[in-house]
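Before any comments, here is the structure.
The values are calculated or read from the model by the stated rules, or taken from the named source; none is laboratory data. Small disclaimer: the values here were computed from a predicted structure and weren't measured. FYI the Cβ positions are ideal-geometry reconstructions off the backbone, even for glycines, and counts take in every protein chain you see.
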Amino acid sequence: MRADVGVARPAAKPLKTLFRLRTFARPHARSLLTMLACAALGQAFMIVAPLLTQRLIDGPVGHGTTDGLVLLAGLALLASVGVMVSDYAGRRAHATGSIGVETALRTALYAHLQRLPLAFHERWQSGQLLSRATSDLRAVGSFLAFGSVFIVLQAGTFLGVSTILMTIHWQLGLLVTAGMLPVMALTYGLSRAYIPLSRQLQDDVGDLTSLVEESVLGFRTVRAFGRHRFLNQRFEDAARTVRTTGLAQGRVIAWSWPAIEAVPGILMAAVLLGGAYAVAGGSMTIGELVAFIGLLTFAIWPLDSLGWLLGEAQQAATAAQRVYEILDAEVTVVDRPGARTIESPVGRLRFEGVGFRYPAEDSPVLHDVDLEVRQGETLALVGASGSGKSTLTLLVNRLYDVTEGRITLDGVDIRDVTLESLRTHVSAAFEDPTLFSASVRENVTLGRPGATDEEVADALRIAQAEFVHDLPWGLDTRIGEKGLSLSGGQRQRLALARAVVGRPRVLVLDDPLSALDVQTEALVEQALRTVLAGTTALLVVHRPSTVALADRVALVDDGTVVAVGTHEELLATEPTYRDLLDTGLQGVSQ
């Protein structure tokens with residue numbers, strides 16, 4: 001059910017999506033406001049310099065006297081100290097705010113990923129999720145903590161300086177203010193062309209990340225089949241796509257930013273010309289012209305930086321859109337209102353009219369499943385490949401929710417039990433074991449962090465996983481990403497130990513012995529009997545010897561349970577069961 005792309009591309013406006021992220025900035029508003037205030041104060045101190053220059057030229061210099069020079073020099077020095085102090089305080093506040101915002105975003109995104117249903121993770125490429133959780137999140141966090149504040153600061157600076165310029169010479173001040181109009185028109189055109197390309201580039205990078213991840217994780221398979229050249233070609237094609245989109249984005253910036261940056265230069269030329277005529281006509285003093293030109297640089301910088309700020313904003317906007325594709329994904333497997341905890345379940349499991357279909361699929365995988373697993377009983381599920389056995393096991397601890405009927409534990413619908421409580425008492429091990437880059441102990445106790453040393457040792461013994469004591473640091477040995485430093489059988493035994501540690505009340509095993517050799521399998525099965533004797537267990541069977549562990553067998557065919565009985569009863573009454581024995585289950589004791 002996993003799609004090749006696995007990427008939702010909603011039509012939501014990126015800038016509107018970016019505005020939604022204010023929620024993550026709100027807890028750090030004090031730091032961000034402090035940064036804004038300090039930056040504004042620093043700008044104010046810097047604006048003092050041209051005004052002091054005006055006083056100097058029209059005062060002491062113009063009158064050929066030294067009166068007031070000490071005062072003006074002192075004010076200039078004070079302004080310099082003010083710039084230094086405000087810059088220091090602003091940078092400290094920026095560091096606190098930016099790290100806080102980015103941490104809040106990352107924590108929320110990761111927590112939401114953990115809550116999302118299995119269907120979501122099967123549909124999405126892991127590389128796309130990774131790119132959103134790293135580069136996209138960094139772009140959003142950086143803009144919220146710096147770019148957004150800088151836009152407010154620059155807008156305020158432009159308005160403030162324009163007002164001062166109008167008080168000096170209103171005609172030239174109005175001309176400077178009007179220079180904002182062509183800049184706004186140019187940035188609007190840039191926005192329309194840049195945003196789609198920015199989104200496309202980020203999606204292309206996500207696809208490239210997925211390809212790299214798959215190549216690294218499948219390195220042994222790639223080398224075994226000699227397909228590295230093929231994958232190199234795939235990577236080159238994906239990298240070429242990223243390059244093409246990046247160049248298209250670069251061309252948009254190449255024609256728009258120079259045009260935006262040309263406006264301040266034109267304004268400066270107009271002011272120099274107009275100012276010269278104003279001084280000659282007596283409507284402006286030389287000191288006012290010098291101050292006007294000095295202040296103009298503070299008005300030009302917001303205009304000059306607008307293209308860069310817009311690029312940052314658009315990059316963050318499309319990144320925010322991609323992040324929200326995850327944050328907006330619906331968490332479908334949740335606790336019902338009033339869900340309760342269960343302390344000591346008996347372990348009676350019932351499937352009542354259960355049906356299930358995977359999202360976006362028309363035909364059901366399971367239908368009309370009625371089945372009871374009695375307290376302390378081991379029930380084996382037998383059926384042809386694709387009959388629905390494994391899907392049935394995914395419903396017991398609510399990795400998926402049934403779409404029809406219900407599953408009960410001790411007579412209570414499992415959807416009326418809190419997920420935490422349910423998964424505490426229902427443990428599982430799957431055919432394809434997943435281990436984490438952590439110590440052996442942390443992997444075994446993943447579902448029961450409080451397990452004692454005795455319980456861990458007992459679980460390792462049952463799973464015939466005592467080989468871990470021969471590892472360099474025993475239980476504290478880190479086994480590497482996905483446990484690839486171990487053999488398939490060793491990984492499967494550790495996953496089985498994780499399932500049985502603490503003796504769960506209900507145990508779901510989806511062919512957890514498939515990678516074991518015959519001798520080890522026999523030892524594991526012998527040890528498992530002691531666990532299964534007091535545990536309600538649902539056991540998917542693909543190997544003949546595993547049937548012997550079961551008290552009863554359920555025959556699954558075409559998405560439903562067609563017969564239930566002991567091995568001998570089904571052998572005598574069900575031709576389909578006999579056919580399965582003939583093709584794959586020979587060797588089971590008659």
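Brief remarks on what is shown
- Region 182-204, subset surrounded by fewer than 20 Cβ atoms within 10 Å (Cβ to Cβ) and of a type in the set (Gly, Ala, Ser), residue nearest to Arg240 (Cα to Cα): Ala193
- Residues of region 447-480 satisfying the condition of being under 12 Å from Ala495 (Cβ atoms), out of contact with any helix residue (DSSP H, G or I) (no Cβ under 6 Å at 6 or more places or on another chain) and at pLDDT 85 or above: none
- Complete set of residues in region 573-587 that are surrounded by fewer than 19 Cβ atoms within 10 Å (Cβ to Cβ) and modelled with pLDDT under 70: Gly584, Gln586, Gly587
- Region 348-388 - residue that is closer than 21 Å to Leu422 by Cα and of a type in the set (Lys, Arg) and, of those, modelled with the highest pLDDT: Arg350
- Selection count where residues are outside the structural domain of Arg132 (by TED's automatic domain parsing), in contact with an Asp or Glu (Cβ under 7 Å, 6 or more places away or on another chain) and charged (D, E, K, R), scope region 317-347: 2
- Residue check, Ala537 in a strand (DSSP E or B) and either aliphatic (A, V, I, L, M) or under 40 Å from the mean Cα position of the chain (by Cα) (or both): yes
- Single residue of Thr53, Thr66 found to be touching a residue at least 60 places away in the same chain (Cβ under 8 Å) and of a type in the set (Ser, Thr, Tyr): Thr53
- Checking Lys389 against (1) outside the structural domain of Val161 (by TED's automatic domain parsing); (2) in contact with a helix residue (DSSP H, G or I) (Cβ under 9 Å, 6 or more places away or on another chain); (3) at negative phi, the condition it does not meet: (2)
- Filter result (within 59 Å of the chain's Cα centre (by Cα), closer than 17 Å to Val279 by Cα and either surrounded by fewer than 16 Cβ atoms within 10 Å (Cβ to Cβ) or basic (Lys, Arg) (or both)) within region 39-71: Arg55
- Cβ pairs under 6 Å, 6+ apart, first in region 22-37 and part of a helix (DSSP H, G or I), second hydroxyl-bearing (Ser, Thr, Tyr) and surrounded by fewer than 20 Cβ atoms within 10 Å (Cβ to Cβ): Ser31/Thr96
- Pick from region 396-416, criterion in contact with a helix residue (DSSP H, G or I) (Cβ under 9 Å, 6 or more places away or on another chain) and among the polar types (S, T, N, Q), ranking: surrounded by the fewest Cβ atoms within 10 Å (Cβ to Cβ): Thr408
- Residues (over 23 Å from the mean Cα position of the chain (by Cα), in a loop (DSSP other than H, G, I, E, B) and under 27 Å from Gln375 (Cβ atoms)) located in region 423-446: Phe430, Glu431, Thr445
- Thr65 assigned by TED's automatic domain parsing to the domain that holds Leu296, among the hydroxyl-bearing types (Ser, Thr, Tyr), over 30 Å from Thr318 (Cβ atoms) and touching a helix residue (DSSP H, G or I) at 6+ places or on another chain (Cβ under 9 Å): yes
- In region 496-507, residue surrounded by the most Cβ atoms within 10 Å (Cβ to Cβ) [restricted to those that are among the small types (Gly, Ala, Ser) and over 15 Å from Glu466 (Cβ atoms)]: Ala499
- Filtering region 373-395 to residues that are among the charged types (D, E, K, R) and buried (at least 16 other Cβ atoms within 10 Å of the Cβ) leaves Glu377, Lys389.
- Check on Ala248, modelled with pLDDT of 80 or more, assigned to a helix (DSSP H, G or I), touching a helix residue (DSSP H, G or I) at 6+ places or on another chain (Cβ under 9 Å) and farther than 21 Å from Gln314 by Cβ: no
- One residue from Val531, Val553, Val561, Val524 being within 40 Å of the chain's Cα centre (by Cα) and either in a strand (DSSP E or B) or not assigned by TED's automatic domain parsing to the domain that holds Val354 (or both): Val561
- The condition (being closer than 30 Å to Phe146 by Cβ, surrounded by fewer than 16 Cβ atoms within 10 Å (Cβ to Cβ) and modelled with pLDDT of 80 or more) is satisfied by just one residue among Ala269, Ala254, Ala280: Ala254.
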